[in-house]
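Trainee: Structure provided below as structure tokens; questions to follow.
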Amino acid sequence: MKNADAMGAKRYVQSHTLDTPLNEGLRNSRGMLAEYDGVAEVWFESEETLIAGMSSPEGQKLGAALLEDEKNFIDHSRSSAFIVEEQEF
């Protein structure tokens, strides 16, 4: 979050996978792939805010630094990333 202002982020959440037999049961009952170690969420007010924040010179520099840091703990070849929009029902 120390870089939130530079990229225009309003929230950052890490969800770490629990070591529980419930995960194996859920996965096996549905024929799913193995779980990830966790999920990271970066929240922005809008897609435009994300683009503006990461397009600025400061955001470009930060993006390169974050990518370099991610190499220490994320196997990008076995991960995924995507942009979503929250829908409440």
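The values are calculated or read from the model by the stated rules, or taken from the named source; none is laboratory data. Fair warning: this is a prediction, and the values are worked out from it, not measured in the lab. A quick note on method: Cβ atoms are made from the backbone with ideal geometry, for glycine too, and the neighbour counts reach across all protein chains shown.
Trainee: Name every residue in region 15-37 that is touching a strand residue (DSSP E or B) at 6+ places or on another chain (Cβ under 9 Å) and modelled with pLDDT of 95 or more, in order of residue number.
Mentor: The answer is S15, H16, T17.
Trainee: Turning to a different aspect of this structure: Within the bounds of region 10-18, is there any residue that is assigned to a helix (DSSP H, G or I), under 25 Å from Q87 (Cβ atoms), hydroxyl-bearing (S, T, Y) and in contact (Cβ under 8 Å) with a residue 12 or more places away in the chain?
Mentor: no
Trainee: Right, next: Condition check: of a type in the set (D, E), without any contact (Cβ under 8 Å) to a residue 40 or more places away in the chain and within 21 Å of V84 (Cβ to Cβ). Does E68 satisfy that?
Mentor: no
Trainee: If you go through region 70-81 one residue at a time, how many are within 16 Å of V42 (Cα to Cα) and either assigned to a helix (DSSP H, G or I) or in contact with a strand residue (DSSP E or B) (Cβ under 7 Å, 6 or more places away or on another chain) (or both)?
Mentor: Result for region 70-81: 1.
Trainee: Then there is this: Kindly list, by first and then second residue, each pair from a residue in region 30-42 that is farther than 24 Å from L66 by Cα to a residue that is in a strand (DSSP E or B), limited to pairs with Cβ atoms under 8 Å and residues at least 6 apart or on different chains.
Mentor: Sorted first by the residue in region 30-42, then by its partner, the list stays empty.
Condition check ((1) within 25 Å of A4 (Cβ to Cβ); (2) not in a helix (DSSP H, G or I)) across all residues:
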| position | (1), (2) |
| --- | --- |
| N28 | no, no |
| G53 | yes, no |
| E58 | yes, no |
| E68 | yes, no |
| I83 | yes, yes |
| E86 | yes, yes |
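Trainee: Just for region 47-57: of the residues that are within 10 Å of G8 (Cβ to Cβ) and of a type outside the set (S, T, Y), which one is surrounded by the fewest Cβ atoms within 10 Å (Cβ to Cβ)?
Mentor: Ranking the candidates gives E48 first.
Trainee: Could you look through region 1-46, keep only residues that are of a type in the set (A, V, I, L, M, F, W, C) and loosely packed, with under 11 Cβ neighbours inside 10 Å, and pick out the one that is nearest to the chain's Cα centre (by Cα)?
Mentor: V13
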